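Visitor: Here you go, one structure.
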Amino acid sequence: MSLRHFLTLADLTADELERLLRRAAELRAAHYNGALHEPLRGRVLGMIFEKSSTRTRVSFEAGMAQLGGSAIFLSPADSQLGRGEPIEDTARVLSGMVDAVMIRTFGHENVQRFADVASVPVINGLTDAHHPCQLLADLMTWQSHRREITGRTVAWMGDGNNMCQSWMQAAELMGFDLRIGCPPGYAPDDLDAYPRSRHEPDPDRAAAGADLVVTDVWASMGMEDEQSARRTAFAPYQVTGAIMAAAGPDALFMHCLPAHRGEEVAAEVIDGPQSVVWEEAENRLHAQKALLEWLITESLAPDEPPRG
Ligand code: CP
Ligand code: NVA
């Protein structure tokens, strides 16, 4: 396989996504058994964080260590990126030193520009537009509780930004319907390109009969100035016990975390029996180990000779 990046979920075929999720479940089982599996011995992941993180940083760093490799944390404050070194120059330099790079940044075009010149795999650890690593964990969590997601209905309650847009891509790849419960003005712009997703401004109708209800913070990192306006606009979309009741007793609840009890989700929901958020967070580790193993070992493998 030649060099591959993971900038959005749409970088994978449906088949590749299924295989990654299967591998993630295998790696989770091996981890629980205490089995050592170190295919990335001597390999190094560079991690650029221009925004805060708990789960993404720890899961990538622990994941690389468990696979036999290591990770280097870089932030703008202590790298030359913060002093204006161009993204492309950084990409060329890191490509000569590490085996893959994970980036968490603001504009999605930044990861694209990095990947355009990098000669090692680049992984999107969250941009303003997408959070594909989280979707690997979310889909894995769904599968471990309910198996197939094809044909199901997911209710997204909240902002139409990065997490929502990654769910839209997942809906196309996996064949489920996504109802986006959010106020007018906050829905994704390009809904027409995603026939399996639709905006439903009425929160009860968005949740009605859904198999899974998902939410996220109302003011994402970088939107701190909008916090108060968003608190007002999104208030009717809080995932309450009533919203979960509209979905039904078998519906699951997910949240990528960090969560704000009393804002996007009521404590009784996130801490209640339908919530799978702790398993969802842990699955970041297992899913990303599958991703790292695939991207790094396969990118290093020589291409197959041309046939014929
Ligand atoms: N869900 C998620 O990406 O969490 P962090 O911001 O803590 O990495
Ligand atoms: N939408 C949130 C996700 C955090 C993991 C943000 O971008 O801050």
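Each value in this text was obtained by applying a stated rule to the coordinates, not by laboratory testing. Just so it is clear, the structure is predicted and the values come from calculations on it, not from any experiment. Cβ atoms come from the backbone with ideal geometry, glycine included; neighbour counts cover every protein chain shown.
Visitor: Please rank 131, 145, fewest neighbouring Cβ atoms within 10 Å first, as an exposure proxy.
Guide: Fewest to most other Cβ atoms nearby, the residues stand as 145, 131.
Visitor: Only four residue types carry charge here, +1 at the Cβ of Lys and Arg and -1 at the Cβ of Asp and Glu. Report the dipole size of the chain about the Cα centre in Debye, rounded to the nearest 20.
Guide: Dipole magnitude for the chain comes out near 620 debye.
Visitor: Would you grab the residues whose amide H sits under 5 Å from the one on residue 187? Only those 5+ places off in sequence or on another chain, please, with H modelled 1.01 Å from N.
Guide: none
Visitor: Would you mind checking which residues have amide H under 5 Å from residue 200's amide H? H placed 1.01 Å from N; only 5 or more apart, or other chain.
Guide: Result for residue 200 returns 180, 181, 182.
Visitor: Largest first and to the nearest Å, give the Cα extent of the chain along each principal axis.
Guide: The principal-axis extents, from largest down, are 53, 44, 42 Å.
Visitor: With charges only on Cβ, +1 for K and R and -1 for D and E, what is the dipole size of segment 210-308 about its Cα centre, in debye, rounded to 20?
Guide: 100 debye
Visitor: Pairing the Cα long axis of helix 162-174 with the longest principal axis of the chain, what angle in degrees results, from 0 to 90 and rounded to the nearest 10?
Guide: On a 0 to 90 degree scale, this one is about 80.
Visitor: Okay, moving on. Take the alpha-carbon centre of segment 153-188, take the same for segment 1-74, and report the distance between them in whole Å.
Guide: First find each Cα centre; the distance between them is then 25 Å.
Visitor: Determine the calculated [θ] at 222 nm for the chain from helices alone, applying -39500 (n - 2.57) to every DSSP H run no shorter than 4 residues and normalising by the residue count; nearest 500 deg cm²/dmol.
Guide: Calculated at 222 nm, the ellipticity per residue is -12500 deg cm²/dmol.
Visitor: Given 212, 295, 275, which one lies farthest toward the positive end of the charge dipole of the chain, if we put +1 on the Cβ of every Lys and Arg and -1 on the Cβ of every Asp and Glu?
Guide: The one lying farthest along the dipole's positive direction is 295.
Visitor: Rounded to the nearest 20 debye, what is the charge dipole size of segment 134-280 about its Cα centre when +1 sits on each Lys and Arg Cβ and -1 on each Asp and Glu Cβ?
Guide: Dipole of segment 134-280, to the nearest 20 debye: 300 debye.
Visitor: Okay, next question. Give me the percent relative contact order of the chain, please, defined on Cα pairs under 8 angstrom at least 6 residues apart.
Guide: Reported relative contact order: 22 percent.
Visitor: I've got another one for you. Quick one: Karplus J couplings for segment 180-195, per residue in order, coefficients 6.51, -1.76, 1.60, θ = phi - 60°, nearest Hz, x for Gly and Pro?
Guide: Here the 3J(HN,Hα) series is 9, x, 8, x, x, x, 10, 7, x, 6, 9, 4, 4, 7, 10, x Hz.
Visitor: Can you put 220, 52 in order, fewest other beta carbons within 10 Å first?
Guide: Fewest to most other Cβ atoms nearby, the residues stand as 52, 220.
Visitor: Still on this structure, I have one more. Considering Cα pairs under 8 angstrom that are at least six residues apart, work out the relative contact order of segment 7-105 and quote it in whole percent.
Guide: With pairs under 8 Å counted, the relative contact order is 33 percent.
Visitor: Listing 64, 223 from the residue with the fewest other Cβ atoms within 10 Å to the one with the most, what is the order?
Guide: 223, 64
Visitor: Please report, in whole Å, how far the alpha carbons of segment 134-280 spread along each principal axis, starting with the longest.
Guide: Sorted from largest, the Cα extents of segment 134-280 read 40, 35, 26 Å.
Visitor: Considering only DSSP states other than H, G, I, E and B, which trypsin sites (Lys or Arg not before Pro) in segment 30-125 qualify as loop sites with at most 11 other Cβ atoms within 10 Å?
Guide: Of the trypsin sites (Lys or Arg not before Pro), the ones in loops of segment 30-125 whose Cβ has at most 11 other Cβ atoms within 10 Å are 41.
Visitor: Looking at 161, 111, 70, which one has the Cα that reaches farthest to the positive end of the dipole of the chain (charges on Cβ: Lys, Arg +1; Asp, Glu -1)?
Guide: After comparing all options, I get 70.
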